[in-house]
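Undergrad: My questions all concern the structure below.
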Amino acid sequence: MIMNQTIVVTGGAGFIGSNFVNTWVALGLGKVITLDKLTYAGNMENLAQIASHPQHVFIQADIGDREAVRELLRVHQPTAVLNFAAESHVDRSIYGPDAFVQTNVVGTFNLLEEVRAYWQALPDAAQAAFRFLHVSTDEVYGTLSADAPAFTETHPYQPNSPYSASKAASDHLVRAYFHTYGLPTLTTNCSNNYGPYHFPEKLIPLVIHNALAGKALPIYGNGSHVRDWLYVEDHCHAIRAVLARGNVGETYNIGGCNEKTNLEVVHTLCDILDEAKPKAVGSYRDQITFVKDRPGHDQRYAIDASKIAGELGWTPTETFESGIRKTVHWYLNHADWVDNVTSGEYQHWLQKNYSARQAGAV
Ligand code: NAD
Ligand code: DAU
């Protein structure tokens with residue numbers, strides 16, 4: 001168990017970061033400094049439950065802002081920095097890769113440089129105890145055919161989108177800082193997350209939101225693409241395990257053993273909504289619309305999580321069936337949160353991404 005640490009969490013106002021920070025504070029594990037730029041994906045409402053908690057400090061800044069990061073490290077003297085901050089949406093990376101290179105590559109580099117300088121100036125014992133944990137994705141490994149074995153940590157990097165290429169570059173930088181400078185790094189490569197505070201540009205919250213609004217449920221291509229879904233709290237638990245007991249310089253794959261086609265996921269969501277909030281006529285499945293595919297769409301991701309299970313004793317607690325039910329009910333109970341995040345910039349994004357995708361493209 002990790003106790004009484006002061007940690008910095010970058011990207012802590014986003015989906016996974018906010019779940020991580022909220023749970024860290026709720027478990028009483030120590031002080032958290034959240035560093036977040038508050039892009040369209042960052043939202044202070046995600047941190048509302050700890051807004052005035054004495055163990056939480058929020059700082060709005062870019063991970064690439066060297067002076068801001070330097071000052072934060074000087075003032076708060078953390079024992080670990082966890083880097084969740086990223087541009088995270090594959091479709092946005094296709095329309096505008098610049099921000100992905102800027103934050104995920106250049107931003108991570110600048111963060112690493114400041115963390116290295118801070119770490120090198122620590123006394124020996126504090127240096128040995130310090131950790132830089134980099135949160136990454138299974139997408140760096142590329143795509144799998146239907147019968148290929150799941151990704152292990154030694155699978156070659158073969159990123160196919162600007163998003164995954166930028167995450168792969170950041171992973172390589174982290175690796176280099178361990179091997180070259182001895183910075184005590186840990187890297188996690190996780191599969192698709194779902195759960196509370198998931199921004200409704202991503203498949204699961206988008207489908208819930210559109211279903212309830214009576215809009216089309218857009219499925220790219222033929223819906224046969226496979227993702228390995230993990231409930232976000234299980235991901236956060238895995239990160240805490242890696243931070244506490246992971247071997248420095250190593251990478252850990254994290255996944256849910258829940259491979260589903262996109263069509264299966266959308267059918268499940270429709271069926272839960274049919275039960276929880278039935279339509280006057282028909283099923284939510286009637287709103288499913290097949291649209292033009294994502295360029296370079298990876299066919300299948302699957303994680304072999306045997307290393308983290310064997311070395312650190314982590315396994316997921318939620319099944320897909322239990323986690324997806326919780327998730328749908330969270331969205332049904334948080335209509336205000338959804339209304340707030342889907343106003344403004346979100347509408348421009350929908351227009352850009354979906355107007356060009358003609359219905360019936362398959
Ligand atoms: P998200 O888009 O919901 O949140 C990203 C957060 O980072 C936002 O709060 C945003 O404001 C902040 N941010 C963006 N650029 C920044 C910058 N330059 N400086 C400081 N803050 C900045 O993303 P997420 O889904 O929570 O993903 C978090 C991390 O986990 C990312 O690194 C992502 O690559 C990785 N990951 C995500 C998933 C998933 O399914 N969502 C799976 C595996 C790994
Ligand atoms: O695998 C981990 C990755 O999972 C993370 O690194 C990314 O940050 C995260 O966004 C997620 O990437 P995906 O591209 O897999 O997630 P997304 O929710 O965008 O899409 C999931 C699948 O659903 C994918 O095959 C594309 C498809 N899709 C998506 C949208 C938004 C649709 O069919 N229709 C849609 O409207």
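Undergrad: Taking only the Cα atoms of the stretch 11-136, how large is their convex hull per residue, in Å³?
TA: Numbers: hull volume 13.0 nm³, N = 126.
Dividing the Cα hull volume of the stretch 11-136 by its residues yields 103 Å³.
Undergrad: Using amide H atoms built in the peptide plane, which far-off residues or other-chain residues are under 5 Å from F151 H to H?
TA: A302, I303, D304
Undergrad: Further, regarding this structure: For the stretch 206-362, what does the relative contact order come out to in percent, with C-alpha contacts under 8 Å and a separation of six or more? Each step should come with its number before you reach the end.
TA: Numbers: 184 pairs, mean separation 55.8, N = 157.
Reported as a whole number, the value is 36 percent.
Undergrad: Let me have the relative contact order for the chain, percent, based on Cα pairs under 8 Å that are six or more residues apart.
TA: Details: 671 pairs, mean separation 60.6, N = 362.
Relative contact order for the chain comes out at 17 percent.
Undergrad: Short version: ³J(HN,Hα) in whole Hz for each residue of the stretch 261-272, in order, from phi by Karplus 6.51 cos²θ - 1.76 cosθ + 1.60 (θ = phi - 60°), x for Gly and Pro, what are they?
TA: 6, 4, 5, 4, 4, 5, 4, 4, 4, 4, 5, 5
Undergrad: Can I ask one more? Anyone know which of A117, A128, A280 comes out most mobile in the 10 Å Cα GNM of the chain?
TA: Highest fluctuation among the options: A280.
Undergrad: I need the phi-derived Karplus couplings for the stretch 135-152: 6.51 cos²θ - 1.76 cosθ + 1.60, θ = phi - 60°, integer Hz, Gly and Pro marked x.
TA: Taking θ as phi minus 60°, the curve returns 8, 10, 10, 6, 5, 5, 7, x, 10, 10, 6, 4, 9, 6, x, 5, 5, 9 Hz for the stretch 135-152.
Undergrad: Please give the per residue accessible area of the stretch 1-157, computed with a probe of 1.4 Å over protein heavy atoms only, in Å². Write down the numbers at each step before the final one.
TA: Working: 6380 Å² over 157 residues.
Per residue, the stretch 1-157 has 41 Å² of solvent-accessible surface.
Undergrad: Roughly how far apart, in whole Å, are the Cα centres of the stretch 245-262 and the stretch 54-127?
TA: First find each Cα centre; the distance between them is then 22 Å.
Undergrad: With every protein chain left in place, what is the accessible area of L82 in Å² (1.4 Å probe, nearest 10)?
TA: About 0 Å², ignoring ligands and nucleic acids.
Undergrad: Of the residues T187, T137, T289, which exhibits the maximal mean-square fluctuation in a Gaussian network model of the chain defined by a 10 Å Cα contact cut-off?
TA: Among T187, T137, T289, the largest mean-square fluctuation in the Gaussian network model of the chain belongs to T289.
Undergrad: Right, next: Show the residues, 5+ positions off or on another chain, whose built amide H is closer than 5 Å to the amide H of G12.
TA: L35
Undergrad: On to the next question. If I compute solvent accessible area with a 1.4 Å probe over the protein chains, what percent of it on the stretch 104-164 is carbon and sulfur?
TA: 58 percent
Undergrad: How much length is gained if the chain between K326 and N222 is pulled fully straight, taking 0.36 nm per residue apart and subtracting their Cα-Cα distance, in nm to one decimal? Don't jump to the answer; show the numbers that get you there.
TA: Values: separation 104, 0.36 × 104 = 37.44 nm, distance 2.71 nm.
Length difference between fully extended and current span is 34.7 nm.
Undergrad: Step through the residues of the stretch 330-343 one at a time and calculate ³J(HN,Hα) from phi using the Karplus curve (6.51 cos²θ - 1.76 cosθ + 1.60, θ = phi - 60°), rounding each to whole Hz and writing x for Gly and Pro.
TA: 4, 5, 5, 8, 10, 4, 5, 4, 4, 4, 5, 7, 9, 8
Undergrad: Which far-off residues, 5 or more places away or on another chain, put their amide H under 5 Å from the one on S136, with H placed in the peptide plane?
TA: T188, N189, C190
Undergrad: Compute the FRET efficiency between S355 and A125 as 1/(1 + (r/R0)^6), taking r as their Cβ-Cβ distance and R0 = 51 Å, and round to the nearest 0.05.
TA: On the way: r = 58 Å, r/R0 = 1.13.
According to the calculation, E is roughly 0.30.
Undergrad: Still on this structure, please answer the following. What aspartates and glutamates does K167 reach when the alpha-carbon gap must be under 12 Å and sequence neighbours fewer than 8 apart in one chain are set aside?
TA: Those aspartates and glutamates meeting the cut-off are E87, D138, E139.
Undergrad: What is the percent carbon and sulfur in the accessible area of the stretch 258-306, measuring with a 1.4 Å probe over the protein chains and ignoring ligands?
TA: Numbers: 1150 of 2330 Å².
Here it works out to 50 percent.
Undergrad: Along the charge dipole of the stretch 195-279, pointing to its positive end and built from +1/-1 on Cβ of Lys, Arg, Asp and Glu, which listed residue (G256, V207, Y231) has its Cα farthest out?
TA: Checking the options against the dipole of the stretch 195-279, the answer is V207.
Undergrad: Taking the solvent-accessible surface of protein heavy atoms with a 1.4 Å probe, what is the per residue accessible area of the stretch 255-354 in Å²? List each step's numbers first, then the result.
TA: Values: 4960 Å² over 100 residues.
For the stretch 255-354, the per-residue accessible area is 50 Å².
Undergrad: Using a 10 Å cut-off on Cβ atoms, rank the peptides 33-44, 147-158 from the highest mean neighbour count down. Mind dumping the intermediate values first?
TA: Details: 33-44: 20.8, 147-158: 13.8.
My ranking of the peptides, most packed first, is 33-44, 147-158.
Undergrad: Once you put a point 7 Å from the Cα of D286 and another 7 Å from the Cα of K215, both along the Cβ direction, what distance in nm separates them?
TA: Label-label distance for D286 and K215, simple model: 2.0 nm.
The values are calculated or read from the model by the stated rules, or taken from the named source; none is laboratory data. The model shown is predicted, which means the values in this text are computed figures rather than measured ones. When we count neighbours, we look across all protein chains shown, and the Cβ atoms used for this are built from the backbone with ideal geometry, even at glycine. Side chains are part of the model used for accessible areas, which takes the heavy atoms of the whole protein and leaves out ligands, DNA and RNA. Shrake-Rupley method; radii C 1.70, N 1.55, O 1.52, S 1.80 Å.
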